[in-house]
Amino acid sequence: MSSGHEAAFWADEEADLLDPQTPHVVRDSKTPSGPVPIGHLRGPTISDAIFRTLRSRGVDARFVYTIDDYDPMDAASMRLQAGMAEHMGKPLFAVPSPDPTVAPDFAEYHAARFIALFAGLGITPEFHRMRDLYRSGALDRQIDLILRNAEAIRQIHKSVANVEHPEGWLPISIICENCGRIGTTLATDYDGKTVAYECRKDYVEWAEGCGHTGRISPFKGNSKLLWNEQWCAQWDHFGVTYEEGGKDLLTAGGSRDRSNAIYREVFKREPPLGLAHEFFTLGGKKMSTSKGVGATAVELASIYPPDLTRFLMLRTHPRRHVEFDPGGTTVPRLFDDYDRFGDAYLEEPESDMGKTWRLSQVSPDPEPPGFRVRFQILADWLQIPSVRPDVEAEKRKGARLTAAELRDLHRRLELARVWLDRWAPDEAKFAVLPTAPDVSLSDGQRRYLLAIKDLIGKVHDADEMQNQLYEYAKKTGLVDANGKPSQQAFAAIYLAFLGRPNGPKAGWLLTSLDPEFVCKRLDEVGRPR
RNA sequence: GGGCCAGUAGCUCAGCGGUAGAGCAGGAGACUCUUAAUCUCUUGGUCGUGGGUUCGAAUCCCUCCUGGCUCACCA
């Protein structure tokens, strides 16, 4: 439908790069070494969106996700934890689980958590654990190829990234037969069947080797390819054609450049395409859970509805950074935006906004959005005890809510409660003051407050109360030039109870409170000075 | 030093070759009902700078400035 000169939706642009006649494999991966920071959700969500786009075009596509549980434990934060120091440098699958009742080892513990997290967001790729790939020998052919070309690879590291490895270096880590560490070993001398290795005390800063030397086969799980080479091996094994990534990797002279060069040179294949996505920042700073800046993905995803989380990841073009502050008015604005995109989907599903909305849904083939109540309104409702959101929403819609609409309403209410509690600015909150505030009112306003005492305890319906308040304003003479009730009347009520000149619908407010309390307050504030 | 991103109305951003846009905020008004909602109208910008290409540029090219991220160890 687009002529080719028009700017296309980003997911379409990416999909356009791939030949629809051939099968495609979209890949992503993660090292299971800790909780997922919120920003790290962007990659998988983008990959999923592109995967879905390919699928919806009828392209033969797979979405492969590898769990890098053969990586060495190198997290600096872990070293300080009790009992963890001795495990530094070991492969993650060999590090003890933080909670053995949940998962048998460290890697699986964290993997299980992000797999569940992804599933909740509708991201359900084929998961492959590196331990299975290595141990089964699935990558042995690639390992052999890489080891035979070690010298060429060493040269590529040198020319592309200016990284110089020692002569005789092999791009592989052996699991030390003596101490079980993988991050501390240097391998050399591949003879086609075995390699020599040494577990060095000071090979890396973050772990200490045992000094063992030996000779062993690098196959069937005894070793792990180094990062760049492992990347190539997986591309080759799965036939990966598309892999996006963070800009930390996809930068000139960066990791991906090195892997691309190796893949072309050694594997004689064209590396996958893939865009580089920008990061989430908070106050201009990169989010970092270790520095206490930002939130973990599980935390946010447990609070936000999944489609809102996806929307947050997808509404901004991947190449642009997202300034994300979970506090303040972010949530209501995000939800307003989300609803606008939902409306766009109803009007024109093929618009960029419509597509973004569809890709934000957990289901790849979603129902169109139904009746929704604006988030900000729900936050107000929650602060007025007499309002029953289900009933109020039905009044608004003028019909019963469907099951899906009711579910959506309740998810919004849940988030609104959290928002009011944690993030809402004071302007968004109102609370009935426990004691009469010291506010200055006109004589007319005081008379009005005393007059409406008649209604308290007698009128129980909020709408009727609202009408009566209006009538009493007229009776009391609090009218403007046109004979209509002046704002002064209602302002008096808000000032008396909330200490500010505005608030929720006055009828709601007054019928929500204990009549005795209301009368007392009206007396206190309304009595002549 | 290399790479990437951003700089458009008070705020958040969209627009990415054809007479400057939206939402919110601000102002005025309508609905007998303050606030909110809904609707109508409205204020507000020399589109970071300087060049270039073009009949025409916020939009393409180059320079520079500002802010931010990122790589140059490992993964």
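Using Cβ point charges alone (K and R +1, D and E -1), the dipole size of segment A:381-528 about the Cα centre works out to roughly 180 debye.
Assuming charge only on the beta carbon of Lys and Arg (+1) and of Asp and Glu (-1), the dipole of segment A:54-208 about its Cα centre is about 520 debye to the nearest 20.
How far, in degrees from 0 to 90, does helix A:227-238 lean away from the longest principal axis of the Cα atoms of chain A, to the nearest 10? On a 0 to 90 degree scale, this one is about 90. For segment A:64-88, list residues with backbone N below 15 Å from a point placed 7 Å from the Cα of A:His212 toward its Cβ? In segment A:64-88, the label zone of A:His212 (backbone N under 15 Å from the point 7 Å along Cα→Cβ) covers A:87-88. Of all lysines in the structure, the ones whose alpha carbon falls short of 18 Å from that of A:Lys30, not counting any fewer than 8 places away in one chain, are A:Lys90, A:Lys224, A:Lys247.
³J(HN,Hα) across segment A:315-329 via Karplus (A = 6.51, B = -1.76, C = 1.60, θ = phi - 60°), whole Hz, x for Gly/Pro? These are the phi-based 3J(HN,Hα) values: 6, 9, 3, x, 7, 10, 6, 10, 8, 10, 10, x, x, x, 9 Hz. With each label modelled as a point 7 angstrom along the Cα→C-beta vector, the A:Lys158-A:Glu323 pair spans 4.6 nm.
Over chain A, accessible surface divided per residue gives 46 Å², non-protein components excluded, 1.4 Å probe. Identify the residues of segment A:187-216 with backbone N under 11 Å of a label point that sits 7 angstrom from the Cα of A:Arg79 along the Cα-to-Cβ direction, or state none. A:204-208, by backbone N distance to the label point. Which of A:Gly444, A:Leu495, A:Val518 sits closest to the plus end of the dipole of segment A:444-529, meaning its Cα is farthest towards the positive end, when Lys and Arg get +1 and Asp and Glu get -1 on the C-beta? About the Cα centre, the residue reaching furthest to the positive side is A:Gly444.
Normalising the average separation of contacting C-alpha pairs (under 8 angstrom, six or more residues apart) by the number of residues puts the relative contact order of segment A:192-289 at 20 percent. At an R0 of 22 angstrom, the distance between the Cβ atoms of A:Glu427 and A:Asp461 translates into a FRET efficiency of 0.15. Distance between the modelled labels on A:Thr330 and A:Ala116, one decimal in nanometres: 2.4 nm (7 Å Cα→Cβ projection). Counting heavy atoms of the protein chains alone, A:Thr329 has an accessible area of about 60 Å² for a 1.4 Å probe. The label-point distance for A:Arg417 and A:Ser363, in a model that sets each label 7 Å from Cα toward Cβ, rounds to 2.6 nm.
Under 1.5 on a/c is rounded, so check that first for segment A:310-378, then, if it is not, pick prolate when a/b is larger than b/c and oblate when it is not; a ≥ b ≥ c are the square roots of the alpha carbon gyration tensor eigenvalues.
Oblate shape, in that a/c is at least 1.5 and b/c is the bigger or equal ratio.
When we measure straight from the Cα of A:Lys475, which lysines land under 27 angstrom away, once same-chain ones fewer than 8 places off are left out? Within the straight-line cut-off, A:Lys475 pairs with A:Lys453, A:Lys458, A:Lys484, A:Lys505, A:Lys520.
Length available on full extension from A:Leu382 to A:Arg148: 0.36 nm per residue minus the Cα-Cα distance, which gives 77.5 nm. Please compute the contact order of chain A in relative form: average sequence separation of alpha-carbon pairs under 8 Å and at least six residues apart, divided by the residue count, as a percent. About 11 percent, as a whole number.
Helix-derived [θ] at 222 nm for chain A: sum -39500 (n - 2.57) over DSSP H runs of at least 4, divide by residue count, nearest 500? Don't skip to the end; give the middle numbers.
Values: 21 runs with 227 residues, N = 529.
Taken over chain A, the calculation gives -13000 deg cm²/dmol.
Treating the angle as unsigned and between 0 and 90°, give the value, to the nearest 10°, between the Cα long axis of helix A:150-161 and the longest Cα principal axis of chain A. For A:150-161 against chain A, the angle is about 40 degrees. The angle separating the long axis of helix A:487-498 from the principal Cα axis of greatest extent in chain A is about 60 degrees. Counting heavy atoms of the protein chains alone, A:Thr281 has an accessible area of about 20 Å² for a 1.4 Å probe. Looking at chain A, the DSSP beta bridges with both ends there are about 55 percent antiparallel. For chain A, A:Cys232, A:Cys519 stand unpaired, since no other cysteine beta carbon lies under 4.7 Å from theirs.
Comparing A:Gly89, A:Thr184, A:Leu147 along the charge dipole axis of segment A:77-218, the residue lying farthest to the positive side is A:Leu147, per the Cβ-charge model.
How do A:Phe341, A:Phe517 rank by accessible surface area computed with a 1.4 Å probe, from largest to smallest?
A:Phe517, A:Phe341
Of the residues A:Thr309, A:Thr22, ranked by 1.4 Å probe accessible area with the largest first, the sequence reads A:Thr22, A:Thr309.
About the centre of its Cα atoms, chain A shows a dipole size close to 1060 debye [charges on the beta carbon of Lys, Arg (+1) and Asp, Glu (-1) only; nearest 20 debye].
The residue among A:Gly370, A:Met353, A:Ser386 whose Cα reaches farthest toward the positive pole of the charge dipole of segment A:333-389, with charges on the beta-carbon of Lys, Arg, Asp and Glu, is A:Ser386. Taking all protein chains together and rolling a 1.4 Å probe, A:Tyr190 ends up with roughly 40 Å² accessible. The distance linking segment A:163-221 with segment A:37-112 is 24 Å (Cα centroid to Cα centroid, whole angstrom).
The values are calculated or read from the model by the stated rules, or taken from the named source; none is laboratory data. All values reported here derive from a predicted model rather than from experimental measurement. Note: ideal-geometry Cβ built from the backbone for every residue, glycine included; neighbour counts use all protein chains shown. In case anyone asks, the SASA skips ligands and DNA or RNA and just uses the protein heavy atoms, side chains included. Shrake-Rupley method; radii C 1.70, N 1.55, O 1.52, S 1.80 Å.
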